[in-house]
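The values are calculated or read from the model by the stated rules, or taken from the named source; none is laboratory data. What you see is a predicted model; the values in this text were computed from it and never measured. FYI the Cβ positions are ideal-geometry reconstructions off the backbone, even for glycines, and counts take in every protein chain you see.
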């Protein structure tokens, strides 16, 4: 059965909805089914990504101020240990898709730590970097809504100290603690205490003048 369109235009013929064939209905349902399946797949993929992100955030990671015992409790025994270029000892750990390179100084605490994606050759995502940044803040309050307290994150786009490239510095609200973070070589993400950063700048500057520091020994070229 065919019904003329209300406008009555020549050739403007529409089919009565009640006369749609079973074949057409089947086709329509099949198309909708595919769309629903696609939507479900997208939702499932998004849920898995969110779950992985939340799991990563909830996982404790070696951070500034941790001892070697605390690092081992979180990651298990180190897979590498060597003299650090800036003094102290560097330890490598693998856990939760990360390779962690933590430098422990004479005080027995982590003061320089770099994180790498251990599943692929690529920088860590911004959410993961932010999560690691927050974890390294420990129990100190860095983000505070009180406008009277200056503790905002400061960005240095080209250089900080002797190091080129982008760096960020943020102080705790009481001004007693400060952290420096920056991209590092081999797609790493590095976090240091400001005290350690300043100490490393002196070493870099000394090397530029011709002195070479090997562990705790300084040699002249």
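Give region 98-108 a look and list any residue that's touching a helix residue (DSSP H, G or I) at 6+ places or on another chain (Cβ under 9 Å) and either part of a loop (DSSP other than H, G, I, E, B) or within 17 Å of residue 179 (Cα to Cα) (or both), or say none.
102, 103, 104, 105, 108
Residues checked against (1) modelled with pLDDT under 95; (2) part of a loop (DSSP other than H, G, I, E, B); (3) under 28 Å from residue 83 (Cβ atoms):
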{"residue": "116", "(1), (2), (3)": "no, no, yes"}
{"residue": "122", "(1), (2), (3)": "no, yes, no"}
{"residue": "130", "(1), (2), (3)": "yes, no, no"}
{"residue": "143", "(1), (2), (3)": "yes, yes, no"}
{"residue": "148", "(1), (2), (3)": "yes, yes, no"}
{"residue": "155", "(1), (2), (3)": "yes, no, no"}
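Of the residues in region 72-87, how many are touching a strand residue (DSSP E or B) at 6+ places or on another chain (Cβ under 6 Å) and either within 21 Å of residue 131 (Cβ to Cβ) or free of Cβ contacts under 8 Å to residues at least 24 places away in the same chain (or both)?
Selection size over region 72-87: 6.
Is it the case that residue 64 is modelled with pLDDT of 95 or more and within 20 Å of residue 195 (Cβ to Cβ)?
Criteria not met by residue 64.
This table checks each residue for (1) outside the structural domain of residue 103 (by TED's automatic domain parsing); (2) in a helix (DSSP H, G or I); (3) under 23 Å from residue 116 (Cβ atoms); (4) in contact with a helix residue (DSSP H, G or I) (Cβ under 6 Å, 6 or more places away or on another chain).
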| position | (1), (2), (3), (4) |
| --- | --- |
| 170 | no, no, yes, no |
| 186 | no, yes, yes, no |
| 189 | no, no, yes, yes |
| 198 | no, yes, no, no |
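Modelled with pLDDT under 95, within 19 Å of residue 195 (Cβ to Cβ) and surrounded by 11 or more Cβ atoms within 10 Å (Cβ to Cβ): is that true of residue 176 in this structure?
Considered against the rule, which asks whether it is modelled with pLDDT under 95, within 19 Å of residue 195 (Cβ to Cβ) and surrounded by 11 or more Cβ atoms within 10 Å (Cβ to Cβ), residue 176 comes out as no.
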